[in-house]
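Q: Quick one: this structure, given as structure tokens, is what I'll be asking you about.
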Amino acid sequence: MRITLLNAWAVALVATVLISPIYAAAADATADRMAQMETRLIAMEARLAAAEKGPQAASNVSEARMVELETRLAEAEQETKQVKALAATGGNVSQASILGNAATFDILANSAWRNLRWTQAEQWEGVRPGVSMAAVVEALGHPPRSVDSLKPRVDEVFYYETSIRDDGNSLRGKVSFRNGTVLTVQKPNFKANKAAQ
């Protein structure tokens with residue numbers, strides 16, 4: 001067989017007819033693969049958008065918490081201002097006030113504190129380190145003020161005070177607790193108070 005131009009064209013035509021389906025199949029496979037990759041890309045973009053929205057929702061929670069804490073702080077500041085105003089007036093305000101009961105007014109006005117158990121020296125004799133909190137309350141009564149301590153060795157502190165405004169003529173005692181028992185006791189200075197009266 002002789003190679004002629006006609007034979008070369010015929011071979012090229014047959015080769016094209018035979019190879020064309022292979023390229024078409026490869027092109028279809030490539031198109032399918034590109035479609036799959038586009039689908040994955042869209043899914044990844046959706047996950048990324050969701051992840052970007054997640055911290056934003058958390059910051060909304062943080063902002064809500066901050067607003068709540070700011071509100072509580074404002075309320076506490078208002079109560080503090082009202083107590084300071086009450087102390088400045090010497091308790092001469094109406095019975096229906098922020099503190100709520102007449103006994104508190106008597107204590108602030110320095111008129112009824114002498115009748116409280118903790119203002120008597122003999123009641124403090126049974127209060128010493130190692131005594132239970134219940135025994136302290138039984139001996140002295142409930143404190144006018146108690147505070148959860150920030151110190152690591154102390155859980156709670158009971159403050160027994162006659163006046164929050166008069167430093168020179170007031171009785172002040174303090175009892176610190178750890179695990180429900182007395183850790184330290186600071187008794188009121190009864191001698192100085194008797195000398196002032």
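What follows draws every value from the coordinates through simple rules; no lab data is involved. Bear in mind that the values here come from a model prediction, so they are computed numbers and not experimental data. Cβ placement follows ideal geometry from the backbone for every residue including glycine, while neighbour counts extend to all protein chains displayed.
Q: Considering just Cα atoms, how many Å³ per residue does the convex hull of region 1-82 enclose?
A: Details: hull volume 6.4 nm³, N = 82.
In region 1-82, the Cα hull volume divided by residue count equals 78 Å³.
Q: Related question: When ranked by the protection proxy of mean other Cβ atoms within 10 Å per residue, highest first, what sequence do the peptides 122-130, 10-18 form? Display every interim value, and only then the final one.
A: Values: 122-130: 13.4, 10-18: 10.0.
So the order, starting with the most tightly packed, is 122-130, 10-18.
Q: Mind checking the full-extension length gain between Y159 and K53? Use 0.36 nm per residue of separation minus the Cα-Cα distance, one decimal, nm.
A: On the way: separation 106, 0.36 × 106 = 38.16 nm, distance 4.99 nm.
The Y159-K53 span can extend by a further 33.2 nm.
Q: What aspartates and glutamates could a cross-link reach from K187, if we take a straight Cα to Cα line under 12 Å and drop same-chain neighbours fewer than 8 places away?
A: List returned: E122, E125, E161.
Q: How many nm separate the modelled label positions at I22 and E68, each set 7 Å beyond the Cα in the direction of the Cβ?
A: 7.0
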